[in-house]
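To start, the structure under review is shown below, and the notes come after it.
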């Protein structure tokens with residue numbers, strides 16, 4: 001009897017400790033998601049007023065560094081030169097070949113910067129493990145996995161193109177499929193159009209998706225002085241951190257672009 005009572009007390013203490021650990025972990029994940037959302041909102045605010053038409057290397061680098069980004073190429077390092085094996089030419093002269101550093105380098109004329117903002121559980125684990133954790137977190141904790149990714153490409157010392165994607169993973173039904181479906185909104189800017197004068201300065205559409213189920217919406221605009229950047233980057237991320245629910249759709253995540261898309265469909 002005494003042993004049984006002691007065992008029950010121990011089990012209750014263990015269960016209480018596990019409950020506290022789970023609750024603290026949930027609160028930590030939620031607060032981190034909210035914190036990262038605020039970081040992403042700061043990036044969105046900067047992109048709305050960013051001078052896409054005139055931005056050069058310095059402006060792009062400063063934007064990336066302010067928002068935790070970096071060049072995905074490496075800057076040339078000031079180090080001692082590396083030489084290969086010496087060889088002798090036909091005249092008997094010995095040469096020491098200078099080896100070039102492998103891989104692309106970042107220069108003020110050509111460089112690519114990337115900004116990633118996402119919750120801790122996406123940053124801390126490899127992709128395959130993260131997918132399992134995301135499924136578990138979404139199904140049982142009510143915290144939706146999401147992320148913001150921006151790539152800015154400098155060519156010839158000027159911003160040449162940019163790609164910014166806002167996405168979340170949530171439950172949805174597409175046709176016969178019911179399960180976790182990514183909701184992805186992409187904003188693409190370009191200094192020049194591949195179609196020349198036939199291409200509009202601003203367009204919005206649903207991209208053709210191949211592969212797994214995905215809900216996508218994309219905006220393209222030319223980097224002009226009057227580009228509608230505020231409209232393109234009208235993104236509301238509050239729904240990605242809402243507990244037990246996620247963004248209903250693009251009308252909530254990207255309201256201006258969605259309204260423009262609906263208008264295009266009615267023409």
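Among the candidates 125, 166, single out the residue that is surrounded by 18 or more Cβ atoms within 10 Å (Cβ to Cβ), modelled with pLDDT under 95 and not in a helix (DSSP H, G or I). It would help to see each step written out before you state the result.
Numbers: 125 fails: surrounded by 18 or more Cβ atoms within 10 Å (Cβ to Cβ).
Result of the check over 125, 166: 166.
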Exercise for the section: Please work out if residue 201 is modelled with pLDDT of 85 or more, surrounded by 13 or more Cβ atoms within 10 Å (Cβ to Cβ) and within 19 Å of the chain's Cα centre (by Cα). Expected result: no
Fill in the blank from the handout: Among (1) at pLDDT 90 or above; (2) within 17 Å of residue 235 (Cα to Cα); (3) surrounded by 19 or more Cβ atoms within 10 Å (Cβ to Cβ); (4) within 19 Å of the chain's Cα centre (by Cα), residue 188 falls short only on (3)
Fill in the blank from the handout: Taking first residues from the range 143-157 that are at positive phi and second residues anywhere that are modelled with pLDDT of 95 or more and surrounded by fewer than 17 Cβ atoms within 10 Å (Cβ to Cβ), the pairs with Cβ under 6 Å that are 6 or more apart or on different chains are 157/56
Handout entry: helices (runs of 4 or more DSSP H) lying entirely in the range 209-267 (those with 1 or more residues that are touching a strand residue (DSSP E or B) at 6+ places or on another chain (Cβ under 9 Å) and at pLDDT below 85)
Key = 255-266
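The values are calculated or read from the model by the stated rules, or taken from the named source; none is laboratory data. Nothing here was measured: the structure is a model prediction, and the numbers come from that model. Using ideal geometry, Cβ is built from the backbone for each residue, glycine included, and neighbour counts are taken over all protein chains shown.
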